[in-house]
Amino acid sequence: MIRTPLMTVMVQAVRKAGRALVRDFGEVENLQVSAKGPANFVSAADRKAEEILFTELSKARPGFSFLMEERGRVEGTDVSNEWVIDPLDGTTNFLHGIPLFAISVGLVRNGLPYAGVIFNPVADELYIAEKGQGAYLNDRRLRVAARRKLADCVVSCGLPHLGRGNHARFNRELAAVQTQVAGLRRTGAAALDLAWVASGRFDAFWERDLQSWDMAAGLALVREAGGYVSDLDGGDKVLEKGDVIAGNEDMHRDLLALLKSA
Ligand code: 2AM
Ligand code: CA
C-alpha cells in the first residue's frame with residue numbers, strides 16, 4: 001500500500017493525538033473513585049487531543065477549514081476543503097474506563113466525504129480511506145462483509161439515552177430488527193461502528209441524532225470498502241440529517257426496509 005501525502009499528514013496528526021489520549025485514559029481509571037468522577041479531566045483530554053489535531057493539520061495544510069466537536073467551525077481561506085473532527089468519539093466509554101473510543105478525522109471536499117482516518121489508540125487499530133484508494137486497517141485492505149441474509153448478520157445500533165432521541169421510535173425499530181438478525185450490538189462510538197462495518201466485523205449499522213464529526217471519516221471508509229451508506233430515508237443527506245445506515249448493498253437495503261416498516 002502506498003500512502004498518499006494527504007494520508008501521511010492525517011495519520012501523523014491522528015497518531016500524535018492518540019498518544020495523548022492513551023496517556024489520559026490511563027489516568028481515568030484512577031479517578032473513578034473521586035466523588036465528581038473524572039468528567040472534568042476527560043473534557044480536558046478531549047480538548048487537548050483536538051488542539052493537537054488542529055495544530056498539526058493547520059501546519060500541514062494551511063488554509064483548510066475545520067469543523068470540530070469542541071471548538072466548532074474555523075473557516076480557512078479554502079472552504080472547499082474541510083477537516084471534520086471528533087477528537088474523542090465514545091466519550092462515555094472513555095469516562096467509564098471502557099477501552100472503546102476513537103479519534104475520527106474526515107476530510108470533506110466540496111461537501112462530500114473524501115478521506116477518513118479513524119484510530120482506536122488502545123487497540124492500535126488505524127483505519128484509513130481516501131477516495132479511489134481503498135480502505136485499510138493497519139495496512140490490510142478492507143472489504144465490507146459479504147453476508148446476504150439478515151438472519152446471519154451482526155448489526156450494530158445507537159441507543160437513544162437520557163435526554164436524547166426519540167425513545168418510542170427506537171423501541172419500535174429495535175423490536176423489528178431484534179427478531180430478524182443473528183446479533184445486535186451497541187458500542188457507544190459511532191465512528192468505530194462505521195469502521196467496523198468497513199472491516200466486516202459488523203454487517204450493518206444504524207443510528208440517529210449524530211453529528212457530522214461522528215460520521216464524516218466513517219462514510220469515506222465504508223464506501224471505499226465497497227459498502228453502502230445513506231440517511232434513514234435512503235438518501236445521501238447523512239451529514240445534513242445526522243442519521244445513518246451502512247452495510248453491504250443487500251444488508252443496507254434490507255435493514256433500511258425493516259426500519260422503515262417499524
Ligand atoms: P461522543 O462520544 O463523541 O459524544 C453513541 O451513540 C454516539 O453518539 C457516539 O458517537 C457519541 O459521540 C454520540 N453522542 C453521544 N451523546 C451525544 C449527544 N448528546 N449529541 C450528539 N451525539 C452524541
Ligand atoms: Ca462523537
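The values are calculated or read from the model by the stated rules, or taken from the named source; none is laboratory data. Everything quoted here is computed from the prediction, not taken from an experiment. Here the Cβ is made from the backbone with ideal geometry for all residues, glycine too, and neighbour counts use every protein chain on show.
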State which residue pairs qualify: first residue within 10 Å of ligand 1 (Cβ to nearest atom) and inside segment 155-169, second residue modelled with pLDDT under 95 and part of a strand (DSSP E or B) in any location, beta carbons under 7 Å apart, and separation of 6 or more residues or different chains.
-> none
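If I filter segment 147-161 down to residues being away from ligand 2 (no atom under 16 Å from the Cβ) and surrounded by 12 or more Cβ atoms within 10 Å (Cβ to Cβ), which single residue comes out as nearest to Q180 (Cα to Cα)?
So the first thing to find is which residues in segment 147-161 are away from ligand 2 (no atom under 16 Å from the Cβ), and the list is 147-155.
Still in the list and also surrounded by 12 or more Cβ atoms within 10 Å (Cβ to Cβ): 147-150, 152-155.
Values: R147: 14, R148: 13, K149: 9, L150: 6, D152: 9, C153: 9, V154: 10, V155: 10 Å.
Filtering first and then ranking leaves L150.
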Note: among D124, D209, D214, just one is of a type outside the set (A, V, I, L, M, F, W, C), within 16 Å of ligand 2 (Cβ to nearest atom) and at positive phi, namely D209
Would you check which residues across segment 196-226 are under 17 Å from G134 (Cβ atoms), buried (at least 24 other Cβ atoms within 10 Å of the Cβ) and small (G, A, S) and list them?
-> A198, A217, G218, A220, A225
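From D124, D78, D89, which residue is outside the structural domain of A225 (by TED's automatic domain parsing), under 30 Å from L256 (Cβ atoms) and not basic (K, R)?
Details: D124 fails: under 30 Å from L256 (Cβ atoms); D78 fails: under 30 Å from L256 (Cβ atoms).
Of D124, D78, D89, the one residue that is outside the structural domain of A225 (by TED's automatic domain parsing), under 30 Å from L256 (Cβ atoms) and not basic (K, R) is D89.
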Options L31, L53; residue that is free of Cβ contacts under 8 Å to residues at least 12 places away in the same chain and more than 18 Å from Q211 (Cα to Cα) | L31
